[in-house]
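Heads up: the structure comes next, in structure tokens.
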Amino acid sequence: MTNKEGLLIVLSAPSGGGKTTLCERLMAADANVVRSVSCTTRAPRVGEVDGESYVFLSREEFEKRIARDEFLEYALVHGNYYGTLEKTVEDLLAKGHDVVLTIDVQGAEIVRKIAAKEACIDQALVEVFLMPPSIEVLEKRLRKRNTDDDATIARRLDEARREMPHWNKYDYVIVSGTPEEDHRRLAAILEAERLRTTRSSFPEVS
Ligand code: 5GP
């Protein structure tokens, strides 16, 4: 995989943790930031658009793509497949975009392992965990979203309890506050990451 100077931003948070809103704010404020649209086998929620929210695939089609080795990473989450197409990320990074992957902790682990072997991914990678302030707040957010029944909410909360302890494997943790606070903090992280000497094209000064 090749890239120019774009960052590969892995953003993980439990379902309902606010990562979609955060990502949308980031993209609205910074035209160079784009989200890699994932594939999933879960059914679309009301208002979700195929190709924008996710690429919605049948299980059969998803498994065909696994067999063709098309995914940079994929995972089973809540019984459904979710995955990032390698070609999507490759094309966006090659154009110099900062690419956000809103993926779960299993996907993040895979990307971390790829980065350990591929220098250009390692160079581009910035990992951020968006931590809900508490399980209670997360439950309130999931209920407010009004898209899931009680059993689904209970399953997502269980999953959140399993995901939250992984926060310290990431480069950064943002304890989620207001949408404005979350955005300000993530923008600050990206600004600092872009200024790293290791990413600078500043000429040698003698
Ligand atoms: P939801 O169904 O709420 O949209 O997403 C459920 C979980 O799947 C979230 O934790 C989300 O980050 C994760 N997810 C979404 N897309 C991907 C992906 O491409 N790869 C992986 N590993 N997880 C994903």
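Annotations for the structure displayed:
Residues are listed down the side, and each one gets a yes or a no for (1) under 26 Å from Asn168 (Cα atoms); (2) more than 16 Å from the chain's Cα centre (by Cα):
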{"position": "Leu22", "(1), (2)": "yes, no"}
{"position": "Tyr54", "(1), (2)": "no, no"}
{"position": "Glu61", "(1), (2)": "no, yes"}
{"position": "Glu70", "(1), (2)": "no, yes"}
{"position": "Val77", "(1), (2)": "yes, no"}
{"position": "Thr88", "(1), (2)": "no, no"}
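- Residue selected from segment 1-29 under the condition surrounded by fewer than 14 Cβ atoms within 10 Å (Cβ to Cβ) and part of a loop (DSSP other than H, G, I, E, B), by the criterion farthest from the ligand (Cβ to nearest atom): Lys4
- Test: residue in segment 97-111 that is more than 8 Å from the ligand (Cβ to nearest atom) and among the small types (Gly, Ala, Ser): no
- Boolean, Ala192 is surrounded by 13 or more Cβ atoms within 10 Å (Cβ to Cβ) and either modelled with pLDDT of 95 or more or of a type in the set (Ser, Thr, Tyr) (or both): no
- Every residue from segment 93-103 that is touching a strand residue (DSSP E or B) at 6+ places or on another chain (Cβ under 8 Å) and at pLDDT below 95: Leu93
Here is a yes/no grid of residues against (1) surrounded by 13 or more Cβ atoms within 10 Å (Cβ to Cβ); (2) of a type outside the set (A, V, I, L, M):
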position	(1), (2)
Arg68	no, yes
Gly79	no, yes
Val89	yes, no
Leu93	yes, no
Arg112	yes, yes
Pro133	no, yes
Arg141	yes, yes
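- Counting the residues of segment 56-98 that are at negative phi and part of a loop (DSSP other than H, G, I, E, B) gives 6.
Residues checked against (1) at pLDDT below 95; (2) out of contact with any His (no Cβ under 9 Å at 6 or more places or on another chain):
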| position | (1), (2) |
| --- | --- |
| Pro14 | yes, yes |
| Ala29 | no, no |
| Val33 | no, no |
| Ser36 | no, yes |
| Phe56 | no, yes |
| Phe62 | no, yes |
| Tyr74 | no, yes |
| Thr84 | no, yes |
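- Between Asp171, Asp158, Asp150, the distinction of being more than 17 Å from Asp98 (Cβ to Cβ) and surrounded by 10 or more Cβ atoms within 10 Å (Cβ to Cβ) belongs to Asp158 only.
- Sole exception among (1) within 15 Å of the ligand (Cβ to nearest atom); (2) hydrophobic (A, V, I, L, M, F, W, C); (3) in contact with a helix residue (DSSP H, G or I) (Cβ under 8 Å, 6 or more places away or on another chain) for Val126, by number: (1)
- Tally, over segment 114-123, of residues that are modelled with pLDDT under 95 and buried (at least 16 other Cβ atoms within 10 Å of the Cβ): 1
- Checking each residue in segment 30-46 for being among the charged types (D, E, K, R) and either within 11 Å of the ligand (Cβ to nearest atom) or part of a strand (DSSP E or B) (or both) picks out Arg35, Arg42, Arg45.
- None of Val49, Val33 is of a type in the set (Val, Ile, Thr) and crowded, with 16+ Cβ neighbours inside 10 Å except Val33.
- Scanning segment 134-157 for residues that are small (Gly, Ala, Ser) and either under 19 Å from Ile174 (Cβ atoms) or within 21 Å of the chain's Cα centre (by Cα) (or both) yields a single hit, Ser134.
The values are calculated or read from the model by the stated rules, or taken from the named source; none is laboratory data. None of the values given here were measured: they were computed from a predicted structure. Don't worry about glycine lacking a Cβ; one is built from the backbone with ideal geometry, like all the others, and counts go over all protein chains shown.
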